[in-house]
Amino acid sequence: MRKNNNSKKAFLDSSKIIPGGVNSPVRAFKSVNSLPVFIKKGKGAYIYDLDDNKYIDYIGSWGPMILGHANETVIKSIEKVIKNSTSFGAPTLLETKLAKLIKKNFPSMEKMRMTSSGTEATMSAIRLARGVTNRDKIIKFEGCYHGHVDSLLVKAGSGSATFGVPSSPGIPKDLTKHTFTLKYNNIDDLEKCFIKNANKIACVIIEPIAGNMNCVIPNKKFIKKIRTLCNKYNSLLIFDEVMTGFRVAKGGAQEIYKIKPDITTLGKIVGGGMPVGVFGGKKKYMDQVSPVGPIYHAGTLSGNPAAMSAGIKTIEILSRKNFHKNLEKKLSILMLGLKKSADKYNIPFQINYVGGMFGFFFTEKNNIENFEDVNNCNDKIFQIFFNLMLGKGIYFAPSSFEAGFISSSHTMKDINLTIKAAEESFKILSNYLNSK
Ligand SMILES: *Cc1c(COP(=O)(O)O)cnc(C)c1O
């Protein structure tokens with residue numbers, strides 16, 4: 001049995017002063033009926049907890065750690081920068097350097113602004129879209145997460161293409177009535193919504209590969225249609241690539257699908273594990289942002305030098321030849337290995353993966369298209385699988401609604417150990433299922 005006395009104690013203590021003991025809900029391990037693991041340190045593909053358990057990490061801080069933990073080059077660059085202070089609230093050369101690096105890979109981001117989180121980036125992107133179109137309504141898709149922005153924490157009302165309702169208390173209905181929440185991968189719903197609300201839609205915001213409802217891949221026709229409809233109705237298209245940017249490919253999902261959004265949001269990897277967000281897009285829109293234009297955006301720590309340098313080094317390293325190709329090759333071995341092991345024990349199991357991002361689903365349905373499909377997966381089996389794997393030193397996301405990530409530090413040995421642990425777990429699962 002995995003020891004967890006120290007994590008348990010730390011959790012009791014933190015719960016007294018931090019709601020739920022954590023600073024972001026998924027960390028509490030509630031949806032896997034377990035207790036959170038308190039982390040002491042990380043190196044490469046591994047993290048170590050307070051009880052000295054070692055895990056192969058497939059969360060990677062929810063995406064940023066594409067090089068693995070404590071990459072020496074990244075750490076050195078941060079050290080070098082912070083010797084000269086951690087913040088100025090004044091421009092430094094690092095901001096321009098990171099912006100140029102981003103633009104090189106995301107040509108649609110002609111100009112951009114730095115923020116301190118992905119949430120701030122999407123919030124500002126929505127404000128920008130509303131400001132330049134002079135319209136209030138926005139379209140999002142069920143199962144996509146864009147940070148904890150009021151007008152984006154919205155779930156679908158009853159019936160398709162109805163007004164959204166707040167998914168958290170504290171968000172005024174007067175605000176969410178401007179948000180339409182549609183089904184991912186459903187062209188009909190989208191078209192109807194545009195027709196019904198012609199000239200009212202400021203923007204469509206989408207995770208162009210959805211990583212906040214496990215890992216759901218868009219249908220090519222669907223994602224192309226969004227661009228067409230946005231053009232037709234003069235609405236802006238926002239690709240929220242906070243997760244997919246530099247993760248699924250160097251140029252994100254927009255490179256894979258060859259689609260130019262009007263605005264892109266980034267975060268996670270572009271901060272190399274430091275707090276960062278970015279929103280950017282067409283020059284004519286970005287030049288509406290203050291102080292050039294009237295649309296307000298600001299931030300005390302925006303463009304923070306330590307964060308900029310971590311982002312720069314991370315992007316420089318992942319820009320090396322075949323970085324993503326190698327990542328995906330390794331990931332495909334892992335995913336196909338998991339699938340094969342599950343099949344061996346007749347466990348209903350599906351896989352999705354792109355670049356360095358993956359998802360697996362306990363279901364018979366082999367084409368997972370939207371939130372409903374993800375919801376219909378067997379969460380009980382997932383919970384058991386998750387806890388078995390954690391006990392074997394494999395740290396997957398503690399929720400069946402989160403994507404997984406691998407880093408360039410994961411070795412073939414790590415991959416093979418993971419497959420072996422999964423095979424043992426599937427065996428136990430199959431005994432459990434047969435005994436029912
Ligand atoms: C993580 C994430 C966000 C929010 O970023 P934070 O830095 O957590 O605020 C927004 N959009 C997507 C797609 C994300 O994955």
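Just so it is clear, none of the values below were taken in a lab; they were calculated from the coordinates. It should be emphasised that the depicted structure is a prediction, and the values quoted were computed from it without experimental measurement. We place every Cβ from the backbone using ideal geometry, glycine too, and count neighbours over all the protein chains shown.
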If you average 1/r across every pair of different Cα atoms in the range 264-339 and take the reciprocal, what Kirkwood value do you get, in Å? 15.1
Tell me, what ³J(HN,Hα) does each residue in the range 216-227 have, in order and in whole Hz, if you take phi through Karplus 6.51 cos²θ - 1.76 cosθ + 1.60 with θ = phi - 60° and put x for Gly and Pro? 10, 8, x, 5, 4, 4, 4, 5, 5, 5, 4, 4
Translational diffusion coefficient of the range 148-250 at 4 °C, 1.567 mPa s, Stokes-Einstein with Kirkwood Rh over Cα pairs, in µm²/s as a whole number. 90
Ratio of the Cα radius of gyration of the range 11-62 to 2.2 N^0.38 Å, where N counts its residues: 1.17
Equivalent ellipsoid semi-axes for the range 211-361, as square roots of 5 times the alpha carbon gyration tensor eigenvalues: give them largest first, rounded to whole Å. 32, 21, 13
Per DSSP H run of at least 4 residues, take -39500 (n - 2.57); add these up for the chain, divide by its residues and hand me the 222 nm value, nearest 500 deg cm²/dmol. -12000 deg cm²/dmol
Could you give the size of the charge dipole of the range 1-102 about its Cα centre, using +1 on the Cβ of each K and R and -1 on the Cβ of each D and E, expressed in debye and rounded to the nearest 20? 100
Would you mind telling me the antiparallel percentage of the DSSP bridges in the range 72-318, rounded to 5? 45
Once the cut-off is 20 Å, how many percent of the Cα-Cα pairs in the range 51-148 end up in the long-distance tail? 62
Taking only the alpha carbons of the range 72-318, the radius of gyration and the largest Cα-Cα distance, Dmax, both in angstrom, are 17.7, 57
How many percent of the alpha carbon pairs in the range 104-191 exceed a separation of 23 Å? 27
From the phi angles alone, apply the Karplus equation (6.51, -1.76, 1.60; θ = phi - 60°) to the range 422-436 and give each ³J(HN,Hα) in whole Hz, x where the residue is Gly or Pro. 5, 4, 4, 5, 4, 4, 5, 4, 5, 4, 4, 5, 6, 7, 7
The base-10 log of I(q)/I(0) that the Debye equation returns for the range 272-415 at q = 0.17, 0.20 Å⁻¹, one scatterer per C-alpha, is -1.04, -1.21
Show me the ranking of peptides 200-208, 293-301, 86-94 by mean Cβ neighbours inside 10 Å, starting with the highest. 200-208, 293-301, 86-94
How many Å³ per residue does the convex hull of the Cα positions in the chain occupy? 148
